[in-house]
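Every read-out reported here was derived from the displayed coordinates using simple, explicitly stated rules and does not represent laboratory data. This is a predicted model, so every value here is computed, not measured. Neighbour counts run over all protein chains shown; Cβ positions are idealised from the backbone, glycine included.
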Amino acid sequence: MNERIQKERRLMHMFISASRLHHTLAENKISKLGLHRSQHHMLMCIKHNENICQKDLAQRLEISPAAVAVTLKKLEASGYVSRCSLIDDNRVNTIKLTDAGNALIEKTGEYFSLIDSTTFENFSEEEMRTFEDLILKMKKSLKKALSEED
């Protein structure tokens, strides 16, 4: 294997490893609040799509309606979301965050800000700009490769 390929693999391993560490730290923080990442993901989706119906929530999260129902039941029992039937169609529930749900999302936002600050604490402004440029280049190459797959 030539040096370039070895370097590419080493760099990707390092990049993926750093991403996993970030992910693990975030999950650890969220779990201390009694949440699973899928619950947090759903809460965030509801936050950004207030009064979304269960069907649309399932589509946005790319999970089954049954999985949405199970997770919503837990979130509702914890007091983080409420469901309301539409006036003209009792079969359709819309979901919104409760005050407790909004407070929880605010707390997780603080956690993510802290994690992101920690991630980049040793980066200069110039290094952050360079890193952003490099990530955009990676994404462009990967998107091109994906489009060529079709």
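Values as computed for the structure displayed
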{"read-out": "Least to most buried among D56, D150, D116 (fewest other Cβ within 10 Å first)", "value": "D150, D116, D56"}
{"read-out": "Reported label for calculated mean projected area of the Cα convex hull in nm² given (1) 10.1; (2) 12.9; (3) 8.5", "value": "(2)"}
{"read-out": "Sequence of M1, M44 once ranked by neighbouring C-beta atoms within 10 Å, starting from the fewest", "value": "M1, M44"}
{"read-out": "Contour excess over end-to-end distance, with Cα ends at N49 and K107 and 0.36 nm allotted per residue", "value": "19.0 nm"}
{"read-out": "At least 27 Å along the helix axis (C-alpha) and Kyte average at least 1.0, DSSP helices within the chain", "value": "none"}
{"read-out": "For the chain: relative contact order, % (alpha-carbon pairs under 8 angstrom, 6 or more apart)", "value": "19"}
{"read-out": "Helical contribution to [θ] at 222 nm, DSSP H n ≥ 4, -39,500 (n - 2.57), averaged over the chain, rounded to 500", "value": "-24500 deg cm²/dmol"}
{"read-out": "Over 28 Å (Cα to Cα) - which of K7/K140; K73/K140; K74/K139; K7/K137 fall in this group", "value": "K73/K140; K74/K139"}
{"read-out": "Span from the the range 97-147 Cα centroid across to the the range 34-59 one, whole angstrom", "value": "20"}
{"read-out": "Sequence-distant residues sharing a close amide H with T98 (under 5 Å, placed H)", "value": "V81, S82"}
